[in-house]
Amino acid sequence: MKLNELSDNAGAAKKQKRKARGPGSGKGKTAGRGIKGQKSRSGVSIGGYEGGQMPLYRRLPKRGFTKPNQKHYAVVNLGLIQKFIDAGKLDASVDISEDAIIAAGLTKLKLDGVRILAKGELKAKVTLIVTGASASAVEAVANAGGSLTIASRAAAAAE
């Protein structure tokens, strides 16, 4: 097989319509744009224009707002923590802090703190010190024989 022998499967590539290539093409002369008028010209963009009527996107009410002081947490699942412990990237015998989680590569950035969620199964007995956790995650860590401490951002910054 050579490069010049390669071809697409039948029907995989649709032929492009060649506009403005003479009357025999079926799309010659005006190229399907009709005669004169704003839409027949090139470089015209009238996407949201409704002929002077108030556009639909301005008639509809605005909903909700973006909270300016919203917190964004780095989310880590318990199953992923167990996977990293099994791989030897995290040590279950010592306290696992947010810095240890980042150093292990569980998450890239701390953002406003690390939040633990209960997705997956935790078998190792661990002590976690993080900014936040779901109620089910706290329960799952306790069931595995470990403990999960939720440290406030101010206390974490002071240490």
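What is the one condition in (1) assigned by TED's automatic domain parsing to the domain that holds Val138; (2) of a type outside the set (A, V, I, L, M); (3) surrounded by 10 or more Cβ atoms within 10 Å (Cβ to Cβ); (4) part of a loop (DSSP other than H, G, I, E, B) that Lys27 does not satisfy?
So the condition that Lys27 fails would be (1).
With the requirement that a residue be of a type in the set (Lys, Arg) and over 26 Å from Arg58 (Cα atoms), what does region 26-48 give you?
Selection gives Lys27, Lys29, Arg33, Lys36, Arg41.
Does Lys108 satisfy being in contact (Cβ under 8 Å) with a residue 40 or more places away in the chain and surrounded by fewer than 14 Cβ atoms within 10 Å (Cβ to Cβ)?
It is false that Lys108 is in contact (Cβ under 8 Å) with a residue 40 or more places away in the chain and surrounded by fewer than 14 Cβ atoms within 10 Å (Cβ to Cβ).
For residues that are more than 25 Å from Gln16 (Cα to Cα) and surrounded by 10 or more Cβ atoms within 10 Å (Cβ to Cβ), tally how many sit in region 30-57.
3
If Arg58 passes every condition in (1) over 19 Å from Gly146 (Cα atoms); (2) touching a residue at least 24 places away in the same chain (Cβ under 8 Å) but one, which one does it miss?
With respect to (1) over 19 Å from Gly146 (Cα atoms); (2) touching a residue at least 24 places away in the same chain (Cβ under 8 Å), Arg58 is out only on (2).
Could you tell me whether Val114 is in contact with a strand residue (DSSP E or B) (Cβ under 6 Å, 6 or more places away or on another chain) and at pLDDT 90 or above?
yes
Report, by residue number, each residue of region 111-121 that is surrounded by fewer than 18 Cβ atoms within 10 Å (Cβ to Cβ) and closer than 15 Å to Val141 by Cβ.
Hits for region 111-121 are Lys119, Gly120, Glu121.
Within region 1-56, can you find the residues that are under 37 Å from the mean Cα position of the chain (by Cα) and acidic (Asp, Glu)?
Asp8, Glu50
Go over the candidates Asp91, Asp99 one by one and state the one that is assigned to a helix (DSSP H, G or I), surrounded by fewer than 20 Cβ atoms within 10 Å (Cβ to Cβ) and assigned by TED's automatic domain parsing to the domain that holds Ala144.
From the options Asp91, Asp99, the qualifying one is Asp99.
So Lys71 ticks every box in (1) without any contact (Cβ under 8 Å) to a residue 24 or more places away in the chain; (2) part of a loop (DSSP other than H, G, I, E, B) but one. Which box is left unticked?
(1)
Yes or no: region 146-155 includes at least one residue that is in contact (Cβ under 8 Å) with a residue 24 or more places away in the chain, in contact with a Leu (Cβ under 9 Å, 6 or more places away or on another chain), outside any helix (DSSP H, G or I) and not basic (Lys, Arg).
Within region 146-155 (the criterion being in contact (Cβ under 8 Å) with a residue 24 or more places away in the chain, in contact with a Leu (Cβ under 9 Å, 6 or more places away or on another chain), outside any helix (DSSP H, G or I) and not basic (Lys, Arg)), the answer is yes, since at least one residue qualifies.
Here are the criteria: (1) outside any strand (DSSP E or B); (2) at pLDDT 90 or above; (3) not β-branched (Val, Ile, Thr). Tell me which single one Gly48 does not satisfy.
Every listed condition holds for Gly48 apart from (2).
The values are calculated or read from the model by the stated rules, or taken from the named source; none is laboratory data. A quick note: this is a predicted structure, and the numbers were derived from the prediction, not measured. Here the Cβ is made from the backbone with ideal geometry for all residues, glycine too, and neighbour counts use every protein chain on show.
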